[in-house]
1. Among (i) 21.1; (ii) 22.6; (iii) 24.0, which one is Kirkwood radius over Cα pairs in Å computed from these coordinates?
2. Which residues does a label at MET120 reach in the range 148-170, if reach means a backbone N under 15 Å from a point 7 Å past the Cα toward the Cβ?
3. If the limit is 27 Å between Cα atoms, which of LYS98/LYS336; LYS52/LYS172; LYS98/LYS388; LYS172/LYS374 go over it?
4. Pop a pseudo-label 7 angstrom from the Cα along the beta-carbon direction at both THR67 and MET303 and give the gap in nm to one decimal.
5. Run the paramagnetic zone check for SER215: 7 angstrom along Cα to Cβ, then residues of the range 228-263 with backbone nitrogen under 11 Å.
6. Using the alpha-carbon centroid of each, what span in Å lies between the range 373-399 and the range 86-165?
7. Tell me, what HN-Hα J-couplings in whole Hz come from the Karplus equation 6.51 cos²θ - 1.76 cosθ + 1.60 at θ = phi - 60° for each residue of the range 298-309, using x for Gly and Pro?
8. So if each residue of separation counts as 0.36 nm, and I subtract the Cα-Cα distance between ILE40 and ALA57, what length gain in nm does that give?
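Derivation of every value follows stated rules applied to the coordinates shown; laboratory data play no part. Since this is a predicted model, take the numbers as computed values, not measurements. Heads up, the Cβs are rebuilt from the backbone with ideal geometry, glycines too, and the neighbour counts pull from every protein chain shown.
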Amino acid sequence: MPTHPGARGTARPATTSPHSATANAPLILSGANVVLPTGIVRGGRVIVDGTKITGAAPDNAQVIDVTGHWLVPGFVDLHNHGGGGASFTSGTVDDVLKGIHTHRLHGTTTLVASTVTGEMDFLTHRAGLLSELAEQGDLAGIHFEGPFISPCRKGAHSEALLREPDPADVRKLVDAARGSARMVTLATELPGGLDSVRLLVELGVIAAIGHTDASYEQTVEAIDAGATVATHLFNAMPQLGHREPGPIAALLEDERITVELINDGTHLHPASLELAFHHARADRVALITDAMDAAGFGDGRYMLGPLEVEVSEGVARLVEGGSIAGSTLTLDRAFKRSVTVDRLPVEDVVAAISANPAKLLGSYDEIGSLEPGKYADLVLLDADFDLKGVMRRGTWVVEPQLG
């Protein structure tokens, strides 16, 4: 939690519970640029009936004219540590719900809660708390980032609490999550790393390579063992070299890997983002936030696990050592930057921010695109790609702002 009472010049998130709203009546959103898996439909429409998108308009449907706007699927964040002043790693149930709601206000309708390195007993306790929220449908699952990472690439993780990825410890965390574990980030070059990857594959959990000091060859071994995600590519790993290409080259070149990217203007140079999209292509990129408590809240002092973080001008760094400590990013900002600064096609950004992460979670039959039969999770953007409305499961989280 922040050590000050509020954020300078920053609106606090709404206090209304995300559980308090009821589903809207049948609705037609008409006239928008609708982004579908098959392309952009100009002057299209999306029909919502109850919690789902439908192909036929009920007779009593309300029509809202959203001409000139964009309709895109709700955003899916695979890697998120908190927001709104609340931590997924250490907060109460109410804190976690506040963080979830903060990100919903910014278009993230599906969110995986990420932990940071801690004692094993503490992490298993957190897994139990977070799994309850996953069982209720508030979270899409749990991502364990640490403690099985390299001390050479620890970033904003406590070195004293790191440990090698013993498969028995990995299983302990997954079991504590009671079926809600979705991803574990590992330095797969450490003793037990490859066996842990194989175990995660057996358990149906994503093995992600990250906070790693692996060589190119070691990374290829991990991919062959079953790893399928690169945790925030480029960050917390050896940089690309012409004689020792390291993990980045292996992760970009392999069709089995989806690469996470933090597009906040701090973690990545635009040329690095372009390189990743060029080599992995849009269907192997997942835009994430790696957000910490300050997302949607403001500058100040925060705790990230046991480590103190200073957030200044929206950039989070450890007080001791100055390492980047997650981000204050929200996915609506990542979407706008990707289109307006990096000049990526809107369809590619939608794939990276909605469809691809939904596929990784095994939920693409329910979320990730604006197709009939799927949940009515959608984001309304204006012509400048600023957020103007958010719907989750057919209910407005952010009422349309069309003035």
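1. Derived directly from the coordinates: (i).
2. 148-149, 161-170
3. Beyond 27 Å between Cα atoms: LYS52/LYS172; LYS172/LYS374.
4. 5.5 nm
5. Under 11 Å, as judged by backbone N against the label point of SER215, lie 244-246 of the range 228-263.
6. Distance between centres, Cα-based: 26 Å.
7. Result, ordered by residue: x, 5, x, 9, 9, 10, 10, x, x, 9, 8, 10 Hz.
8. So the extension gain works out to 4.1 nm.
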